[in-house]
1. Skipping prolines and chain starts, which residues have an amide H placed within reach, meaning under 5 Å, of the one on ALA71, given they are 5 or more residues away or on another chain?
2. With charges only on Cβ, +1 for K and R and -1 for D and E, what is the dipole size of the range 174-329 about its Cα centre, in debye, rounded to 20?
3. Tell me, in nm to one decimal, what length is gained between SER487 and SER359 on full extension, where the rule is 0.36 nm per residue of separation less the Cα-Cα distance?
4. For the range 63-75, in order, what is each residue's ³J(HN,Hα) by Karplus, 6.51 cos²θ - 1.76 cosθ + 1.60 with θ = phi - 60°, in whole Hz (x at glycine and Pro)?
5. Using the Karplus curve 6.51 cos²θ - 1.76 cosθ + 1.60 with θ = phi - 60°, work out ³J(HN,Hα) for each residue of the range 492-501 in order, rounded to whole Hz, and write x for Gly and Pro.
6. For a quick check: sort PHE592, PHE144 by the number of other beta carbons within 10 angstrom, fewest at the front.
7. Which whole-number percent is the relative contact order of the range 463-546 (Cα, under 8 Å, 6+ apart)?
8. 7 Å from Cα along Cα→Cβ at both ASP159 and ARG333: what's the point-to-point distance in nm?
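Derivation of every value follows stated rules applied to the coordinates shown; laboratory data play no part. Note that the coordinates shown come from a computational prediction; the quantities given were computed from them, not determined experimentally. For neighbour counting, all protein chains shown are included, and Cβ atoms are generated from backbone atoms with ideal geometry for every residue, glycine included.
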Amino acid sequence: MSKAFERKIRRNPKREGLQAATAPGIRGAVEPAGRPETPQGETGGAPAPCAPSTLVSLFAEQVVRHPHRLALSLGMSSLSYGALDARADRLAGRLATMGAGPGAIVGLCLPRSLDLIVAMLAILKSGAAYLPLDPAYPGERLAFMVEDAGATIIVAAADCADWLPAGRQRLDPHDADEAEPEPPAMSLPGAGDLAYVIYTSGSTGRPKGVAVEHGAVSRLFSATRHWFGFRPDDVWTLFHSVSFDFSVWEIWGALLHGGRLVIVPESTARDPIAFLRLLADEGVTVLNQTPSAFAALDRADHDRLGQEQLMLRLVIFGGEALDVRRLAGWYARRGEHAHLVNMYGITETTVHVTYRPLSPADTALQSSPIGQAIPDLAILLLDGETMQPVPAGEIGEIFVAGAGLARGYLNRPDLTAARFVSHPNQSGARLYRSGDLGRLNQDGEYEHLGRADQQVKIRGFRIELGEVETALMAHPAIGLAAVLLRSDDGHDRLVGYLVGNGGERPSPAALKAHLARSLPDHMVPALFVFVPHLPLTVNGKLDRTALPAPGRSRPDTVAPYSAPRNALERTLAETIADVLQIDLVGIDDNFFDLGGNSLLMVELQRRLRPDIAWLTLIDLYRRPNLRALAGAMTPARAGALSPLAAARERGIRMREPSRSTFETLPAGGPHE
C-alpha cells in the first residue's frame with residue numbers, strides 16, 4: 001500500500017481491531033478438523049476459528065512480502081504487486097472523491113484486462129463492493145442490475161457504457177487523473193462489509209443479486225489451506241467471466257497468496273488449443289475449470305497427443321456436476337502429475353462448499369462424488385417439506401450452514417427469507433436451501449444427484465428455466481413456452497418448445513435476436529421446436545419428460561436450401577451436419593440457427609483441423625455460414641484439401657442427391 005494512500009485513510013478503530021486480531025490466524029496453517037457429533041443427515045464442522053479478515057488487508061500483506069513479484073500478466077503486459085497496489089490506490093482515491101465507500105456498490109464494466117483487476121481492487125480499497133457487469137451482456141440486463149443494486153458509480157470505458165442509465169457517474173480508468181482533487185479520508189472495509197454482488201438467473205424473469213461479505217471470501221481460503229497449500233510460486237488463470245463467482249476463487253486465490261494471475265483473453269478462452277498452449281507457455285500450476293470447459297481442453301490435449309509441457313499441479317473443478325468417467329482419457333495421457341479435485345459450490349455459499357480429491361479409480365464411478373464439507377461449513381440432507389433429516393443413504397435436499405453463507409439477496413427480503421432459512425438444530429443459525437439433491441454414501445461421502453427444481457447449469461452459469469420461458473413468451477408470436485436442458489448427443493443445449501399464437505412462426509434468428517435484448521448468450525436456447533401444445537401430467541403440470549427430442553431434420557430458416565457447390569463446402573457441410581446431429585446443411589445456413597453453440601463450434605473446429613489445418617475459430621465465428629466462409633478463402637486455400645477430404649469428395653459426388661430432391665426441402669436462409 002502506498003504511503004500517500006495510507007495518509008488518506010482514516011482508520012475505523014473497531015474495524016482495525018478486528019483485522020489486527022486476525023494476523024496470527026492468517027499466517028498459521030489450518031489443520032484438518034475432526035468432525036464433531038452431528039445430527040443424522042448433517043456433516044461438517046469448523047476448525048478452531050480464525051477471526052475473519054478482508055480481501056484488502058490480506059492483499060496488503062502480500063504487497064509487503066512480495067512488492068516486486070509479478071501479480072498480473074496479460075500477453076507481454078504485467079504488473080508487480082507493488083505496481084498493482086499503487087495503481088489501485090490512485091483509482092480508489094478517485095472513486096472516494098465520487099462518493100464510493102463502505103455500504104456503496106460500484107459497477108465494474110471492463111473487458112478482460114489488467115485494468116479490470118486494478119479497478120476491482122480499487123473499488124474494494126475505497127470500502128465499496130464491486131458489481132461485475134460483463135460487457136458481453138445485453139444492455140437491458142446491465143441497466144437492470146445497476147438500477148436494482150443502486151449503483152451510482154460505474155467504472156467503465158466509453159465503448160462499454162452506451163447502456164448506462166441516467167443519473168449515474170462513470171469513471172474511465174484510462175482517463176488521466178493528474179487534475180483530480182485531493183480525495184477525502186477513507187475507511188478500510190471490515191470483514192462484515194460487502195465485497196461483491198453477483199447477479200444470478202431468477203425464476204420469475206428477474207435476476208437476483210447475491211451479496212457476499214469480505215469475511216466469507218477470506219475464510220474460504222483459510223479453511224481450505226491445509227488441502228491446497230497455495231504458494232507464491234503458483235501461476236493461476238483468470239479463465240472465467242468476473243460475473244461468474246468461480247472468478248472470485250481464481251483472482252483471490254492468486255493475489256492473497258503472492259501468486260501470479262494470468263488473464264486469459266476472450267479469444268483464447270474460446271479456443272481450447274490456444275488455451276492449452278497458454279497453460280504451457282505461462283507455466284500455469286493451478287487451473288480452475290467447469291467440467292464442460294475442461295472436456296474441450298481434454299479433447300484438444302488428446303488431439304495433440306499430450307505433447308504440451310504442462311506444469312499443472314492442481315486442476316479444480318466447479319460450477320457444474322462432474323461426470324468423473326470423462327476424466328479417463330486425461331489420466332491415461334497425463335497420469336497423476338496434476339492433482340484433480342472436485343468442489344461442489346453455490347454462489348450463495350461463497351463459491352465452494354465441498355472438497356473431493358480424485359484419482360484414476362474414480363473414473364469407474366457412475367455418480368458425481370463431491371466429497372466432504374469444507375471444515376467451517378456443514379451440510380444437512382433434509383426432506384424439503386418436513387425439514388427433517390433423511391435416513392442414511394436416502395436422497396435429500398442439500399442445505400448448507402456455516403461461515404460461507406452470503407448475506408442474502410440484495411433488496412429481496414422475501415426471497416432471502418425463503419432460501420436462507422432457520423437452522424433446525426442451532427438457535428439463531430441459518431441454512432441455505434440449495435435446491436440440489438444429494439446422498440451420503442456408505443463411504444461417508446456426498447454424491448450430487450441433480451436438482452429438485454427447474455434450475456440448470458450450462459458452462460457453470462446457473463439458469464432458471466422460468467426466466468428464459470418468460471422472455472420467450474414476451475415475443476408477440478409466442479403463446480406458451482417451455483425450456484429444457486437436453487444432452488441427446490452428449491452436448492448440453494437449451495431447447496425451447498413453443499406454442500405459437502396462430503400467426504406466422506418467427507425464425508430461429510428472430511427468436512434469438514428477441515432474447516438477446518434481455519438475456520446473456522448462455523441463456524439463449526440453441527434450438528426451437530414448435531409443438532401444437534405443451535404436454536401435461538395427470539395433475540395438470542407441465543410434463544417435461546414428454547417433450548420430444550429435436551429431430552435430425554434441418555430447422556426452418558429464412559431462405560430456401562442451397563446445396564454445397566464444391567469440395568470445400570461439401571467437407572464443411574458434412575462435418576457440420578455430423579456435429580449438430582442433423583441431416584442436411586445448406587451453404588446459407590447459420591451454424592447457430594441450426595442449434596450450434598460455442599462448445600459445438602470448438603468441436604467443429606477440432607474435427608475440421610485434420611483436413612483444413614489453417615481454419616481458426618475466428619474464421620468460424622466471423623463467417624458462420626458456408627457461403628461466407630468459403631467466399632473468404634483464397635483459391636489456394638480453398639483447394640488445399642487433405643487426401644482424406646479428397647476421398648470424401650469423391651464419395652460425395654457418387655452419392656449426391658439430384659437437384660429435385662433439394663427443391664422439396666423446407667425454406668431456409670442466410671444469417672450472419
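1. Close amide H contacts, sequence-distant or interchain: LEU79, SER80, TYR81.
2. Values: 13 positive and 21 negative charges, 180 e Å.
The calculated dipole for the range 174-329 is roughly 860 debye.
3. Separation in residues times 0.36 nm, less the Cα-Cα distance, equals 43.5 nm.
4. 4, 5, 6, 9, x, 9, 6, 5, 9, 10, 8, 8, x
5. These are the phi-based 3J(HN,Hα) values: 6, 9, 7, 10, x, 9, 10, 10, x, 8 Hz.
6. Details: PHE592 21, PHE144 17.
By the 10 Å Cβ count, ascending, the order reads PHE144, PHE592.
7. On the way: 124 pairs, mean separation 23.9, N = 84.
The normalised contact order for the range 463-546 reaches 28 percent.
8. If labels sit at ASP159 and ARG333, their model points lie 3.5 nm apart.
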